[in-house]
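Chemist: Please see the structure below; I have some questions.
Read-outs: derived from the displayed coordinates by stated rules, not from any lab. Not measured: the values here are computed from a predicted model. FYI the Cβ positions are ideal-geometry reconstructions off the backbone, even for glycines, and counts take in every protein chain you see.
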Amino acid sequence: MAAAIGIGIDVLEPTGNMVIDIGGGTSEIAVIALGGIVNNTSIRIAGDDFNADIEEYMRKEHNINIGERTAERIKIEVGAAIDELDNPPDEYEVLGRDMLTGIPKGIKVNYTEIAQCLDKSISKIEAAVLNALENTPPELSADIYRTGIYLVGGGSMLRGLDKRLHLKTKLSVHVAEDPLRAVARGTGIALKNFDKFTFLIK
Ligand SMILES: Nc1ncnc2c1ncn2[C@@H]1O[C@H](COP(=O)(O)OP(=O)(O)OP(=O)(O)O)[C@@H](O)[C@H]1O
Ligand SMILES: [Mg+2]
């Protein structure tokens, strides 16, 4: 709800809106209308799992050990949710330790590899989104058809995630302008306009 307020959705109106918050530990999918959450799905697949996928991929495919921070760096530099991007990032040189020799080693990775290594986790998020759409009352479904899906949370910045969800759902998908701060912004707005949002405190 805070994320929805933070990106400027009028949460009090009868129109349904779908907001997906992809954080570090969880991805939350909510349909909001009339100041309430109509349905809410939470799955424990998000940014941290993408990092774990990347660590495992580097170990299995390239025989190098990397730490979590390096995995996070790779995700930010060349992470992607689809293997055909309009604006592809440059290859990125990953530095780690060769598992066989123990010697430090550099390996170039590109976004298509990372898209493949993240595919399984992203499929799980996709499945949860489809499930949430299926469980949305028809009137609100019609609204979401018009308004599309809003993505917030740091994980929503993964390249091509919006496009991938669009291809899967055929809905328009909007990534929030400042996705990492949407929740904080929304909380601030709610506190400043306490009268309007009293319904949030139950
Ligand atoms: N440019 C980026 N591309 C992909 N992922 C990113 C990017 N920037 C940050 N992230 C990821 O976003 C996640 C953090 O997002 P956010 O701050 O919304 O999560 P959180 O609110 O702390 O977690 P949760 O909601 O699960 O409690 C981290 O996994 C981080 O790696
Ligand atoms: Mg969060």
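Chemist: Using only the Cα atoms of the stretch 111-202, build the gyration tensor, take square roots of its eigenvalues as a ≥ b ≥ c, and label the shape rounded, prolate or oblate: rounded if a/c is under 1.5, else prolate if a/b is larger than b/c, else oblate.
Modeler: The shape class here is oblate.
Chemist: Let me ask another. Could you tell me how many degrees, from 0 to 90 and to the nearest 10, lie between the Cα long axis of helix 111-134 and the main elongation axis, the longest principal axis, of the Cα atoms of the chain?
Modeler: Helix 111-134 sits at roughly 20 degrees to that axis.
Chemist: Pairing the Cα long axis of helix 138-147 with the longest principal axis of the chain, what angle in degrees results, from 0 to 90 and rounded to the nearest 10?
Modeler: 60
Chemist: Now for a different question. Tell me the net charge near G47. Cut-off is 9 Å between Cβ atoms, G47 excluded, with +1 for each Lys or Arg and -1 for each Asp or Glu.
Modeler: Counting the neighbours of G47, the net charge comes to -2.
Chemist: Right, something else. To the nearest 10 degrees, how steeply does helix 47-62 sit against the main Cα axis of the chain, on a 0 to 90 scale?
Modeler: Roughly 20 degrees, rounded to the nearest 10.
Chemist: May I pose another question? Using the count of nearby Cβ atoms within 10 Å as a rough guide to exposure, how do V11, V152 rank from fewest to most?
Modeler: Neighbour counts put them in this order, fewest first: V11, V152.
Chemist: Would you mind calculating the relative contact order of the chain from Cα pairs under 8 angstrom and at least 6 residues apart, reporting the percent as a whole number?
Modeler: Working: 380 pairs, mean separation 56.1, N = 202.
Once normalised by length, the contact order is 28 percent.
Chemist: Can I ask one more? I want the local charge near D90. Using Cβ-Cβ distances under 11 Å, sum +1 for each Lys or Arg and -1 for each Asp or Glu among the other residues.
Modeler: Counting the neighbours of D90, the net charge comes to -2.
Chemist: With an 8 Å cut-off on Cα pairs and a minimum separation of 6 or more residues, tell me the relative contact order of the stretch 47-118 in percent. List each step's numbers first, then the result.
Modeler: Values: 110 pairs, mean separation 25.0, N = 72.
35 percent.
Chemist: Work out the charge dipole of the chain with +1 on the Cβ of Lys and Arg and -1 on the Cβ of Asp and Glu about the Cα centre, then indicate which of N40, L118, L130 is farthest towards its positive end.
Modeler: Farthest along the dipole direction, towards plus: N40.
Chemist: List the relative contact order of the stretch 132-183 as a percent without decimals, with contacts defined as Cα pairs under 8 Å and 6+ residues apart.
Modeler: For the stretch 132-183, the relative contact order is 40 percent.
Chemist: Using amide H atoms built in the peptide plane, which far-off residues or other-chain residues are under 5 Å from G36 H to H?
Modeler: It is none; the list stays empty.
Chemist: Here's a follow-up. Please quote Rg/Rh for the stretch 47-118 to two decimal places, taking the Kirkwood radius as Rh and restricting both calculations to Cα atoms.
Modeler: Result: Rg/Rh = 0.96.
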